[in-house]
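Structure record follows, encoded as structure tokens.
The values are calculated or read from the model by the stated rules, or taken from the named source; none is laboratory data. Nothing here was measured: the structure is a model prediction, and the numbers come from that model. Here the Cβ positions follow ideal geometry from the backbone for every residue, glycine too, while neighbour counts run over all protein chains shown. Keep in mind that these areas ignore ligands, DNA and RNA; they rest on the heavy atoms of the full protein, side chains included. Shrake-Rupley method; radii C 1.70, N 1.55, O 1.52, S 1.80 Å.
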Amino acid sequence: MAFNKLLNHERLTREETKEILLGITRNEYPAEQIAAWLTSFAMDGVTVEELLGLRDGILETGVPAPLDCDRYIDVVGTGGDRKNTFNISTTACFVIAGAGYKVAKHGNFSATSVSGASNVIAHHGVVFSNDPDKLNRSINEAGIVYLHAQLFAKAMKFVAPIRKVLPFPTVFNLLGPLVNPSRPQAQLLGVANLDQMRLYAQVYQRLGIDYGIVHSIDGYDEISLTSDFKVSTNNYERVFQPADLHLAVAKPEELVAGASEEEAAKIFDQVLDGTCLPAQRDIVVANAAFGIQVMEQGQKDIDTCIAMARESLESGRAKQVFEKFVAINS
């Protein structure tokens, strides 16, 4: 039995891990057994095979989001860096869409900061949906669609009460970026440490998608411009300094979302309006630029991608995309 293998510190196959996940959704295991399983993963770590098996199970038991466009990107962070930054990834998605690329953003309400992607999206009056016609209208007409995780990943509700009482992050914290129900062909992911960067790089290589993984050396799960940052893609692995992008070093306090969802939403609006702090603008431009480079499969240098992201913001196209997105989804 797979549970016995875990007790003996043996690793599971992709199929074994998937079967455990499916068993949980069929209520085949008591809560105590699931808690022991999650504790085992927390103690021994998770392998690429095991993470892929969990992903397979969540996608198989979830609601699909079939999109009828050829190529699109998701930009997401693992969360958990406890930095309470403003909605950098979400804002970057609208900048990427403003530059002419399709985006399928997957997100949820915040667990560790003032405002997650779903918080800032809902704050603007958007009504979440899993209706395929509405999703396709959004990505085709606005260039971007938002996929609220709770409408799609049905398996998560079976483990939510147990995750809530365990005093440590579980393996499910790693799954959010991997279970976008539209199964994007490209993804830009921010991670909170270098171990996660190595793990996700192997997962993406197995999935065969175009990826960029970013990590700021001082602990942010995005390009913060507060320090050097590392980028790993299908094409290269490199440490950058803000100066390499011709951008200034940012101060940590310039990234903070504020004390409320309203304050975070205000910063989001100010970035799109062009009335934000220069550092806030630069951080969004930097993250969007690496997303553009992933979509271009590394065929554009980062200076070109920075210029494209900046033009999307400064021309007002990113804001226009957001306004159209809200009109379609409200």
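May I ask you to say which residue of Gly125, Gly176, Gly190 is open to solvent by 10 Å² or more (accessible area, probe 1.4 Å) and farther than 18 Å from Val321 by Cβ?
Values: Gly125 fails: farther than 18 Å from Val321 by Cβ; Gly190 fails: open to solvent by 10 Å² or more (accessible area, probe 1.4 Å).
Every option except Gly176 fails the conditions.
Pairs, please: C-beta under 7 Å, at least 6 apart or cross-chain, first residue over 13 Å from Thr17 (Cβ atoms) and in the stretch 38-51, second of a type in the set (Lys, Arg)?
none
Does the stretch 83-106 hold any residues that are out of contact with any Pro (no Cβ under 8 Å at 6 or more places or on another chain) and assigned to a loop (DSSP other than H, G, I, E, B), and which are they? Walk me through it before giving the result.
Residues of the stretch 83-106 that are out of contact with any Pro (no Cβ under 8 Å at 6 or more places or on another chain), as a first pass: 84-103, 105.
Result: Asn84, Phe86, Asn87, Ala99, Gly100, Tyr101, Lys102.
How about the stretch 107-221: which helices (runs of 4 or more DSSP H) wholly inside it have at least 3 residues that are more than 26 Å from Asn27 (Cβ to Cβ) and under 15 Å from the mean Cα position of the chain (by Cα)?
On the way: elements: 117-123, 132-141, 156-165, 194-207.
Those helices (runs of 4 or more DSSP H) span 117-123, 194-207.
Quick check on the stretch 231-241. Is at least one of its residues part of a loop (DSSP other than H, G, I, E, B) and closer than 20 Å to Asn108 by Cα?
Of the stretch 231-241, the ones part of a loop (DSSP other than H, G, I, E, B) are 234-236, 241.
Still in the running and closer than 20 Å to Asn108 by Cα: none.
Looking for residues that are part of a loop (DSSP other than H, G, I, E, B) and closer than 20 Å to Asn108 by Cα, one finds none in the stretch 231-241, hence no.
Provide a single number: the residues in the stretch 192-214 that are modelled with pLDDT of 95 or more and touching an Asp or Glu at 6+ places or on another chain (Cβ under 7 Å).
Number of matching residues: 1.
For every residue, the table says whether it meets (1) open to solvent by 10 Å² or more (accessible area, probe 1.4 Å); (2) more than 15 Å from Ala99 (Cβ to Cβ).
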| site | (1), (2) |
| --- | --- |
| Leu225 | no, yes |
| Asp228 | yes, yes |
| Arg238 | yes, yes |
| Cys276 | yes, yes |
| Asp282 | yes, yes |
| Gln293 | yes, no |
| Ala307 | yes, no |
| Arg310 | yes, no |
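Looking for something of a type outside the set (Phe, Trp, Tyr), touching a His at 6+ places or on another chain (Cβ under 8 Å) and at pLDDT 95 or above - is there at least one such residue anywhere in the stretch 163-180?
yes
Answer with yes or no whether Asp68 is open to solvent by less than 40 Å² (accessible area, probe 1.4 Å), among the acidic types (Asp, Glu) and under 18 Å from Ser182 (Cα atoms).
So Asp68 does not fit the description; no.
Somewhere in the stretch 23-39, is a residue in contact with an Asp or Glu (Cβ under 8 Å, 6 or more places away or on another chain), crowded, with 17+ Cβ neighbours inside 10 Å, hydrophobic (A, V, I, L, M, F, W, C) and closer than 18 Å to Phe158 by Cα?
Step one: filter the stretch 23-39 for residues in contact with an Asp or Glu (Cβ under 8 Å, 6 or more places away or on another chain), giving none.
No, the stretch 23-39 contains no residue that is in contact with an Asp or Glu (Cβ under 8 Å, 6 or more places away or on another chain), crowded, with 17+ Cβ neighbours inside 10 Å, hydrophobic (A, V, I, L, M, F, W, C) and closer than 18 Å to Phe158 by Cα.
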